[in-house]
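Presented below is the structure to which this report refers.
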Amino acid sequence: MKNNKSLFKLQCPAPKFDFDIITLSHGSGGLLTNQLLESGVFDLLKNEKLDKHHDGAMLEFNGSVAFSTDSFVISPIVFPGGDIGELAVNGTVNDVAMCGAIPQYLSLSFILEEGLPISRFWDILVSIKYAADKARVIIVTGDTKVVDKGKGDKIFINTSGLGAVHPKAAIDIDNICAGDKIIASNSIATHGIAILSVREGLEFESDIESDTCNLNHLTTALLDAFGNGIHLFRDPTRGGVAATLNEISKERNLGILLQNENIPVEGQVKAACEILGLDPLYAANEGVFMAFVAADIADKVVEILHQFEESSKAAIIGEVTEEHNGKVLITNQMGGTRVVHIPVGEQLPRIC
């Protein structure tokens with residue numbers, strides 16, 4: 001996958017701009033704005049709808065539509081395994097997919113800080129194009145603003161996504177019931193530890209890279225195969241698995257029991273968490289989802305997920321129970337249990 005991304009970037013050489021950095025004039029709506037958009041955004045991301053250069057877009061749908069919006073303010077804007085552009089596309093695509101929908105269209109808005117190197121902006125645009133192509137979505141409208149130096153942090157991105165709900169989907173928290181199995185689509189905590197590894201004062205040697213990726217092909221495959229046997233999808237981003245499962249447990253007033261030995265965590269990630277005194281359950285993810293599924297299909301769900309590189313470590317990590325309603329418990333190696341509390345505050349701010 002990394003080789004594919006590198007090759008794609010080589011196929012997208014930067015155009016020759018007449019400027020080296022973003023200036024306030026790039027947000028004025030005049031000549032420099034036009035040059036930035038025409039030579040950069042519109043040319044790279046071109047499609048039939050974006051080419052109209054309208055303030056909005058007319059879109060076609062059949063049936064119910066899922067809609068999501070998100071803003072990305074991650075620091076640093078480039079991190080091991082990705083950057084803010086790729087993260088913005090994947091994050092919104094995944095939010096739409098968690099609704100049981102097939103993402104189709106994105107909006108894309110930038111807030112650029114004066115002084116941002118145009119070469120960095122181009123790299124982020126190419127990452128956006130790569131991620132959108134991989135997820136099979138198109139960017140149909142957007143906006144660009146520039147703020148004074150010191151009033152932003154290089155670049156912020158807002159994306160909104162739309163997609164038609166899968167015809168077999170019945171994704172609803174009310175569908176969760178006692179006996180449902182909980183599946184993690186891949187190893188957890190990788191994104192949070194990748195960001196932590198490059199933060200000032202917290203650096204340590206590792207090969208850990210963010211797990212950011214689009215998940216819509218995985219959720220579509222599961223809905224194709226199992227339909228309403230899939231009761232809920234959730235992506236455990238900020239607050240990690242612990243926050244996500246606590247929210248679900250409390251809202252549904254059911255208990256959740258996790259099996260510690262079944263939770264997939266990469267060796268380097270586990271070691272880094274031990275060094276830093278962190279629990280992987282609380283670290284952010286950007287390429288993982290949790291699926292609540294009927295018990296009789298759980299093993300088959302894992303089998304399908306194992307066919308994809310992005311979910312090769314998928315595992316059943318727990319189940320829903322009528323005991324300890326509203327709480328998440330986890331077994332330990334001695335056979336006992338402890339409560340997994342909802343996180344208080346941010347372990348690591350500006351994670352997405």
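Values quoted throughout were computed directly from the atomic coordinates according to the rules given, and no laboratory measurement underlies them. Being a predicted model, the structure only gives us computed values, none of them experimental. All Cβ positions, glycine included, derive from the backbone under ideal geometry; neighbour counts span all protein chains shown.
Summary of computed values
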| quantity | calculated |
| --- | --- |
| Relative contact order %, the chain, counting alpha carbon pairs below 8 Å whose residues are six or more apart | 21 percent |
| Low-density loop cleavage sites - GluC sites (Glu not before Pro) in segment 203-259, where at most 12 other Cβ are within 10 Å (DSSP) | 203, 205 |
| Formal net charge of residues neighbouring residue 226 (Cβ-Cβ distance under 9 Å; K, R +1; D, E -1) | +1 |
| Charge sum, other residues only, whose C-beta stays under 9 Å from residue 190's C-beta, Lys/Arg counted +1 and Asp/Glu -1 | -4 |
| 273, 12 arranged by Cβ crowding within 10 Å, fewest neighbours leading | 12, 273 |
| Student exercise, the chain dipole from Lys, Arg, Asp, Glu Cβ charges, in Debye to nearest 20 | 260 debye |
| Antiparallel DSSP beta bridges within the chain, as percent of all bridges there, nearest 5 | 75 percent |
| Total formal charge among the other residues, if their Cβ is under 15 angstrom from that of residue 112, Lys/Arg +1 and Asp/Glu -1 | -3 |
| Among 259, 188, 280 the positive-end extreme of the charge dipole of segment 182-288 (Cβ point charges) | 259 |
| Lysine pairs in segment 2-165 with Cα atoms under 13 Å, if 8 or more residues apart or on separate chains | 6 |
| GluC sites (Glu not before Pro) within segment 298-352, DSSP loop, no more than 12 other Cβ atoms inside 10 Å | 322, 323, 346 |
